[in-house]
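Presented below is the structure to which this report refers.
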Amino acid sequence: MSCSYQYETAPVVENRETLPGYRRIAAAARPGQFVMLRGWEDQRDPILPRPFDIAAADPAAGTVMVIVKTAGRGTRLLADYAPGTSLLTAGPLGKAIPEPYPDPLGLLVRGVGSAAVTFLARRAAAAGGRVIAVLSASTSSRLVGKEELEESGAELHTATDDGSEGFHGNGTELLDSIMRGTALSAVYTCGSKRFARHVRSLDEAGRCAGFIFLEGYMACGRGECHGCAVRRRDDSGYALVCRDGPVFHVSEVEIE
Ligand SMILES: Cc1cc2nc3c(=O)[nH]c(=O)nc-3n(C[C@H](O)[C@H](O)[C@H](O)COP(=O)(O)OP(=O)(O)OC[C@H]3O[C@@H](n4cnc5c(N)ncnc54)[C@H](O)[C@@H]3O)c2cc1C
Ligand code: FES
């Protein structure tokens, strides 16, 4: 396998849930795109960089924000980096969501899936569109990205499985009740296969166009290793999440 990474070094300027990127990436970044990050250049474990959605980009400040959920060794290392640490950052990668953005735009996300849509919410709202976001989690403390979605200009609705905040129940039920009063042009979803199947059913019923952010395993992030292949639903072969996505129309790819 040959992978031609083109990394830029980027200092960590702040580390809450956020990590910064690089001026060029910040200027080029568009909603739907992601970056590959690693800070462990002297280490062989883990050997590969890790992909993260661009949650926000500020070209003037030259920063990119990512929201990282600790999953394993790579994300644990990233979470521990102090401001001033240099990261290797490649991006922006993947296809940007085409403009103009759908209006009204619906977002249905669970957990750290919110990271995928925050940038889209900001840009769509800044362009004057109405954005309605449903953020769900098992419990209130797991409503990741709530602050960022609130700041984005979206109308934010929360749902928790245990009723500790917002609607008590499923994010899909909350979306359905919103859609009884408001017709949405499109719904973008991330973070739950159940949500993806629901958005597909809405799309198939002609209620809105449905799109999914896929988060498959990645090695190169730029179409060279074919490690992120997903089956196309029309039996025409495979799509690469990093090159053809990570955002797909819900009818385009299998939701495993
Ligand atoms: C396009 C894209 C965008 C992403 N955006 C974000 C983001 O904004 N924020 C965020 O927190 N995470 C995001 N992820 C997921 C993130 O890349 C993984 O959580 C990370 O690579 C895990 O690395 P690790 O070394 O910490 O864990 P590992 O040790 O590699 O894995 C820890 C555990 O997570 C599982 N796992 C690892 N990667 C994935 C994956 N891609 N899908 C499902 N299970 C996985 C492994 O099976 C293992 O059980 C994104 C992934 C993709 C492909
Ligand atoms: S991650 Fe290598 S082709 Fe997509």
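Between amide H atoms placed 1.01 Å from N, distances below 5 Å from Thr63 occur with Asp58, all of them 5 or more places distant or on a separate chain. Here each label is just a point 7 Å from Cα along the line to Cβ, and for Ala28 and Ser236 those points are 2.7 nm apart. Remark on the chain: hydrodynamic radius 18.5 angstrom, per the Kirkwood mean of 1/r across alpha carbon pairs. According to the Kirkwood relation over distinct C-alpha pairs, the hydrodynamic radius of the stretch 153-205 is 12.0 Å.
Full extension of the chain between Asp45 and Asp58 yields a length gain of 1.5 nm, computed as 0.36 nm times the residue separation minus the alpha carbon distance.
From its DSSP helices (H runs of at least four residues, each -39,500 (n - 2.57)), the chain gives a residue-normalised ellipticity at 222 nm of -6500 deg cm²/dmol.
Pairwise Cα distances in the stretch 63-110 exceed 14 Å in 72 percent of cases.
Label separation (Ser138 vs Tyr217): 2.4 nm, computed from points 7 Å beyond Cα along the C-beta direction. For the stretch 31-163, the convex hull spanned by the alpha carbon atoms encloses 115 Å³ per residue. Taking trypsin sites (Lys or Arg not before Pro) in DSSP loop states with no more than 10 other Cβ atoms inside 10 Å as exposed sites, the chain has its longest site-free stretch at 45-256. Amide H contacts under 5 Å for Ser164: Ser140, restricted to partners 5 or more places along the chain or on a different chain, H placed in the peptide plane at 1.01 Å from N.
Computed from the C-beta positions of Arg180 and Glu151, the FRET efficiency with R₀ = 35 Å rounds to 0.80. Dimensions of the stretch 200-251 based on its C-alpha atoms, expressed as ranges along the principal axes with the largest first, amount to 37, 20, 13 Å.
Overall size of the stretch 87-186 from C-alpha positions, given as principal axis extents largest first: 39, 36, 20 Å. The C-alpha atoms of the stretch 126-181 occupy a region whose extents along the principal axes are 35, 26, 11 Å, arranged from largest to smallest. The GluC sites (Glu not before Pro) of the stretch 148-228 meeting both criteria, a DSSP state outside H, G, I, E and B (loop) and at most 16 other C-beta atoms within 10 angstrom of the site's C-beta, are Glu224.
The numbers here are math on the coordinates, done by the rules we state, and not lab data. Here the structure is a predicted model, which means the values were calculated and not measured. Cβ atoms come from the backbone with ideal geometry, glycine included; neighbour counts cover every protein chain shown.
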